[in-house]
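Enquirer: I'd like to ask you about the structure that follows.
All of the numbers you see were taken from the coordinates with simple rules; none came from a lab. If you're wondering where the values come from, they're calculated on a predicted model, not measured in any experiment.
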Amino acid sequence: MLDYQTQRRIESFLHDEAKLLDGGDFEGWLKLYEPQGIYWMPSQPGQTDPLNVASIVYEDHGILSIRVQRLLEERALVLTPMPRTTHLVSNIEARPGEDGDYTVQAAFVCIEHQADKQRIYSGRHTYHLAPADDSFRIRLKRVDLVNCDGTHVPMAIPL
């Protein structure tokens, strides 16, 4: 079990990440990741292998950087108009991991609005966070969608 202050710092970190995404500060969001950080969205419930089983998304820091550049590109037609989102994060449970890291799980709902369409995504996040100064850096963010095995349209903004 974590002490109260550490739990609150982790909760604040996750809420700040959601604010960065909702505010369109994708460069700020990318800075939350370690250089070896991974963003993973499995395509099957309980999927354990991101490399030999197809995933919805499996991106290292380099690919995440390209995603951020595309989000900031004014001529990206798929993003006209730019999607707007609201990320809700709750039920945050953190526990100490190996080597001073923390494993964090949280429920989420993300509402994405673009043009005349609105989509709702929900599921659970699992983070592996490394302490960094007064905050944390993301080593892994796993996004388990409730409907991960369904049909999805391209997701421009990270969940």
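Enquirer: What lysines could a cross-link reach from Lys31, if we take a straight Cα to Cα line under 21 Å and drop same-chain neighbours fewer than 8 places away?
Expert: Excluding near neighbours in sequence, the set is Lys19, Lys141.
Enquirer: Now a separate question. Taking N as the number of residues in the range 1-152, what is its Cα Rg relative to 2.2 N^0.38 Å? Intermediate results must be reported in sequence, preceding the final value.
Expert: On the way: Rg = 15.6 Å, N = 152, 2.2 N^0.38 = 14.8 Å.
Output field value: 1.05.
Enquirer: Rg/Rh for the range 1-86 to two decimals, with Rh computed the Kirkwood way over all alpha-carbon pairs. Intermediate results must be reported in sequence, preceding the final value.
Expert: Working: Rg = 15.5 Å, Rh = 15.1 Å.
We get a ratio of 1.03 for the range 1-86.
Enquirer: Okay, moving on. Ignoring everything except DSSP H segments at least 4 long, calculate the 222 nm mean residue ellipticity for the chain; use -39,500 (n - 2.57) per segment, divide by total residues, nearest 500.
Expert: Values: 3 runs with 36 residues, N = 159.
Rounded to the nearest 500, the figure is -7000 deg cm²/dmol.
Enquirer: Build a GNM of the chain with springs between Cα atoms under 10 Å: which of Thr48, Thr86, Thr126 gets the top mean-square fluctuation?
Expert: In the Gaussian network model the winner is Thr48.
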